[in-house]
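The block underneath contains the structure these notes are about, expressed in structure tokens.
The values are calculated or read from the model by the stated rules, or taken from the named source; none is laboratory data. Everything quoted here is computed from the prediction, not taken from an experiment. Cβ coordinates were reconstructed from backbone atoms using ideal geometry, including for glycine residues, and neighbour counts include every protein chain displayed. Ligands, DNA and RNA are stripped out before the accessible areas are found, and what is left, the full protein with its side chains, is counted by its heavy atoms. Shrake-Rupley method; radii C 1.70, N 1.55, O 1.52, S 1.80 Å.
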Amino acid sequence: ITTHLECVISTEDDSEARCLQLVNASDTTRRVEYTTFMELALALPEADDAHPAFSKLFVETEFLPELQALIAHRRKRLDSDPEIWVAQFIVSDNKSATAVQYETARQTFLARGRTVTQAMTASSGEQFTSATGTVIDPVFAMRQIVRLKPHRRSRSVIWTIVADGRDALLEKVSRHRTMAVFERVQV
């Protein structure tokens, strides 16, 4: 299996796309599992640096099954605080791609004493709990499994999108649900 990762920042929407291309050069069908991981603060860097644990207490997460997307927003502490919403989801050109599994609690995904390279894996039999809501240390972690036929290629785009409101975010997520959007943004 060969992999290639291409990162693109969209100038039209506050978004980032990471296209993961997998190529099976063998004569055997392969099962490939990949997992995304992103820490959430949704605060100005100086606020997060000053009190990272406190800052993260204001983040709420949610999974939208109809869009297969994780979303999060920061609850306002003051009326003057800006609204910050973020989404992450995967679009795949592989028909065998499974529905995403997800986790938003860092302590569950990494567990005590583990690093990101030792996080939960399907091969170890560990299942994501699909916890959302207000968690102590919020993250976006998503897992997807694809089957790669011999001498075939598969592409998956992991989108991260930011908006200043829930409706605006959901509209952007809906518009980015095809591979054609990545190909347009890529140019």
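I'd like the full set of residues that are part of a helix (DSSP H, G or I), within 14 Å of I161 (Cβ to Cβ) and open to solvent by 20 Å² or more (accessible area, probe 1.4 Å), limited to segment 173-184. Residues satisfying the conditions are S174, R175.
Close contacts from segment 161-186, counting a first residue that is within 12 Å of I9 (Cα to Cα) and touching a residue at least 60 places away in the same chain (Cβ under 8 Å) and a second that is among the polar types (S, T, N, Q) and open to solvent by less than 70 Å² (accessible area, probe 1.4 Å), with Cβ to Cβ under 6 Å and a gap of 6+ residues or different chains, come to I161/S15; V185/S10. Restricting the first member to segment 19-45 and to residues that are on the phi < 0 side of the Ramachandran plot, and the second to residues that are surrounded by fewer than 18 Cβ atoms within 10 Å (Cβ to Cβ) and of a type in the set (G, A, S), the beta-carbon pairs closer than 7 Å and six or more apart or on different chains are E33/A122; E33/S123.
Of the set (1) at pLDDT below 90; (2) open to solvent by less than 10 Å² (accessible area, probe 1.4 Å), all apply to V187 but (2). Of the residues in segment 109-117, none is closer than 20 Å to E39 by Cα, aliphatic (A, V, I, L, M), modelled with pLDDT of 90 or more and open to solvent by less than 30 Å² (accessible area, probe 1.4 Å).
Using the structure shown, decide if S80 is modelled with pLDDT of 95 or more and not acidic (D, E). Here the answer is no, as S80 does not meet what is asked.
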